[in-house]
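The values are calculated or read from the model by the stated rules, or taken from the named source; none is laboratory data. The shown structure was predicted, so the numbers you read here are calculated from the model rather than taken from an experiment. Here Cβ is always computed from backbone atoms with ideal geometry, including for glycine, and neighbour counts include all displayed protein chains.
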Amino acid sequence: MSAVTLPVTRPVDDIAAPVALSPSLDEESRAWLRDLRSDGSTRDGAIARLHALLVRAARFEIARRRPTLPHLRGDELDDIALEAADDALMSVLRRLDDFRGASRFTTWVYKFGLLEAAVKLRKRAWQGREIPLEPETWNLFASAGLEPDAEAEQRELLGTLQAAIGEQLTPHQRRVLLALAVDGVPIDVLADRLDTTRGALYKTLHDARRKLRRHLDECGLGPELLEEN
């Protein structure tokens, strides 16, 4: 198991006022929470078991995505699994009070490992790749095989949309919209490159689409090109 930096002590408030457990919580989940909130060797042992569980979850997700990652070697995948487990462990320990018992504790925890592994694989897939500021071609939006009159109408719509993106949006909104909606950049990767959060990017994307919808509506055009995915 890779080395994991853990807090030496817990906040006094956490020790003095532990969160009440749900009466319907299964005994195994109760034991996990009790041990992780304890001190000394009991807590250390629980953390080691938790990390091992998260490593299994990360390796499962990596194996599931392995066919799409032919450029990664076995040792790289092992490193990714351990990094994902380390980050997932810290996330779980920070969010113990969020566990409500809707599922078993191990099921709840397992999802952290899956998520962290998926995020790290997406970032690794884009490592070294440039995120374009403009789409290479607006034909990404176009439909093939249209009749000449329909093709001309579509060209006009796309031209209006392209102009609106350039004129109505801020540079940051334009970059986020094009990266996420046109170039297919994973939101985790974009958040990392722009040193921001997923939530901030979702808000930027929402605001950009709202601006464009309003503009297209004022131009008498429909919002079909801006449908949420």
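Within the stretch 64-80, which residues are touching a helix residue (DSSP H, G or I) at 6+ places or on another chain (Cβ under 9 Å) and not in a helix (DSSP H, G or I)?
Those that are touching a helix residue (DSSP H, G or I) at 6+ places or on another chain (Cβ under 9 Å) and not in a helix (DSSP H, G or I): LEU69, HIS71, LEU72.
Out of the stretch 39-58, which residues are surrounded by 15 or more Cβ atoms within 10 Å (Cβ to Cβ) and free of Cβ contacts under 8 Å to residues at least 40 places away in the same chain?
ARG43, ALA46
Is it the case, given these coordinates, that GLU83 is assigned to a helix (DSSP H, G or I) and at pLDDT 85 or above?
The answer is yes for GLU83.
Looking only at the stretch 81-108, count how many residues are touching a residue at least 60 places away in the same chain (Cβ under 8 Å), within 14 Å of LEU36 (Cβ to Cβ) and of a type in the set (A, V, I, L, M, F, W, C).
Looking only at that region, the number is 6.
Does ARG214 count as assigned by TED's automatic domain parsing to the domain that holds LEU161, over 24 Å from ARG124 (Cβ atoms) and out of contact with any Pro (no Cβ under 8 Å at 6 or more places or on another chain)?
Spelling it out, ARG214 is indeed assigned by TED's automatic domain parsing to the domain that holds LEU161, over 24 Å from ARG124 (Cβ atoms) and out of contact with any Pro (no Cβ under 8 Å at 6 or more places or on another chain).
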